[in-house]
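Down below is the structure, laid out as structure tokens.
The values are calculated or read from the model by the stated rules, or taken from the named source; none is laboratory data. Everything numeric here is computed off the predicted structure, so don't read it as measured data. Note: ideal-geometry Cβ built from the backbone for every residue, glycine included; neighbour counts use all protein chains shown. The protein model used for the area step is the full one, side chains on, heavy atoms only, and it has no ligands, DNA or RNA in it. Shrake-Rupley method; radii C 1.70, N 1.55, O 1.52, S 1.80 Å.
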Amino acid sequence: MGDTFLEYIVKKAPDAKTSLLKVGIILVTIFVCYFGMVFLTSIESLQQFMSFFLLLVAGIIYGAYRLFTSLNYEFEYIVTNGELDVDKIIARRSRKRLISLRPLEIEIMAPYSDMHKHHYDNGEFALTIDATSSKYAQNRWFIVAETKKYGRVRLMWEPTEKMVENMRSYMPRKVMLK
């Protein structure tokens, strides 16, 4: 078997909580800037601080922008010779490794369906990672693994067919296709 390298990026779909946070960031930014301006212009002795305030407003808007965009993220799956790495990419400017799994650590990999759901739901897990676009995504798979770093882990992800085939070639008894 030759070396294989597969990668796939899944964009996280915004949920209700994320949308509310974004609206909140916008409203708080507008509120702080507007009332700061009203307060500063209403008191004559403070008008000398207008240029400082404009700099502060620019900082607040920039901070709000950074916070707003940090709520946009995607997951990158990298499969190399049966090993899986999952990264979280935040606003396309920073990357964080969520987990690395080796074939020997994996207990089961299967589609998240009624047939295999009990493997995902039963047991105690030290770490649960949902690296899918949404909880309603069509191609959701899960992995249960025992790692040295975290202990028992469960991972939800959306692999491509090639990724499933590659992982199955390295651990045929652990990858369930149906």
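Output the residue which, of all residues in region 110-126 that are among the aliphatic types (A, V, I, L, M) and part of a loop (DSSP other than H, G, I, E, B), is nearest to GLU158 (Cα to Cα). Residue satisfying both the conditions and the ranking: MET115.
Taking region 134-178 as the range and being open to solvent by less than 50 Å² (accessible area, probe 1.4 Å), closer than 23 Å to GLU76 by Cβ, small (Gly, Ala, Ser) and outside any loop (DSSP other than H, G, I, E, B) as the test, only ALA145 passes.
Screening ALA64, ALA131, ALA110 for residues that are surrounded by 17 or more Cβ atoms within 10 Å (Cβ to Cβ), touching a residue at least 12 places away in the same chain (Cβ under 8 Å) and more than 20 Å from MET163 (Cβ to Cβ) leaves exactly one candidate, ALA64. The residue that is modelled with the lowest pLDDT, counting only those in region 1-39 that are of a type in the set (Gly, Ala, Ser) and out of contact with any helix residue (DSSP H, G or I) (no Cβ under 7 Å at 6 or more places or on another chain), is GLY2.
Within region 68-79, the set of residues being assigned to a strand (DSSP E or B) and touching a Lys or Arg at 6+ places or on another chain (Cβ under 7 Å) comprises TYR73, GLU74, PHE75. Answer yes or no: is there a residue in region 9-25 that is open to solvent by 50 Å² or more (accessible area, probe 1.4 Å) and at positive phi. No, that holds for no residue.
Take region 80-104 and flag every residue that is in a loop (DSSP other than H, G, I, E, B) and buried (at least 17 other Cβ atoms within 10 Å of the Cβ).
GLY82, PRO103 - these are the residues of region 80-104 that are in a loop (DSSP other than H, G, I, E, B) and buried (at least 17 other Cβ atoms within 10 Å of the Cβ).
The set of residues in region 70-90 that are within 30 Å of ILE25 (Cα to Cα), touching a residue at least 24 places away in the same chain (Cβ under 8 Å) and not aromatic (Phe, Trp, Tyr) comprises LEU71, ASN72, GLU74, GLU76, VAL86, LYS88, ILE89.
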